[in-house]
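Engineer: Once you've had a glance at the structure underneath, I'll fire off some questions.
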Amino acid sequence: DGEALLRAWAAGGEATIVLAVEDAPQLQALLGKAAAAGLVTYCVADAGRTEVSAGTQTVGAIGPDYVDKIDDVSGQLELLG
């Protein structure tokens with residue numbers, strides 16, 4: 001149940017892992033794969049107030065959910081460094 005997962009995530013310190021993708025098409029493909037797997041996803045479109053143009057997709061979020069379900073779609077990515 002999504003509410004239970006959200007409460008568990010919040011109670012556990014709201015772990016956030018930041019991974020790198022090559023470009024916007026890879027980001028969209030990853031979010032599509034995650035959504036197809038039944039995971040909650042969200043894509044952030046930048047407001048354009050700093051270094052990137054307005055509407056540029058800069059961040060994708062997946063989860064919260066069980067780690068193994070998220071790793072199934074994102075485990076091949078490296079940590080953003």
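Engineer: Just to be sure I understand, how many residues within the stretch 33-79 are of a type in the set (A, V, I, L, M, F, W, C), within 18 Å of residue 14 (Cα to Cα) and open to solvent by 50 Å² or more (accessible area, probe 1.4 Å)?
Structural biologist: Just the residues of the stretch 33-79 that are of a type in the set (A, V, I, L, M, F, W, C), to begin with: 34-37, 39-40, 43-45, 47, 52, 54, 59, 61-62, 67, 70, 73, 77, 79.
Right, trim to within 18 Å of residue 14 (Cα to Cα) and you get 39-40, 59, 61-62, 67, 70, 79.
Okay, now just the ones that are also open to solvent by 50 Å² or more (accessible area, probe 1.4 Å), so 40, 59, 67, 79.
Summing the residues that are of a type in the set (A, V, I, L, M, F, W, C), within 18 Å of residue 14 (Cα to Cα) and open to solvent by 50 Å² or more (accessible area, probe 1.4 Å) in the stretch 33-79 gives 4.
Engineer: Looking for whichever is farther than 17 Å from residue 2 by Cβ and basic (Lys, Arg) here; the options are 33, 69. Which one fits?
Structural biologist: On the way: 69 fails: farther than 17 Å from residue 2 by Cβ.
Checking each option against the conditions leaves just 33.
The values are calculated or read from the model by the stated rules, or taken from the named source; none is laboratory data. Here the structure is a predicted model, which is why all the values come from computation and not from measurement. Glycine gets a Cβ as well: all are built from the backbone with ideal geometry, and neighbour counts include every protein chain shown. Heads up: the accessible areas ignore ligands, DNA and RNA and are worked out on the full protein's heavy atoms, side chains in. Shrake-Rupley method; radii C 1.70, N 1.55, O 1.52, S 1.80 Å.
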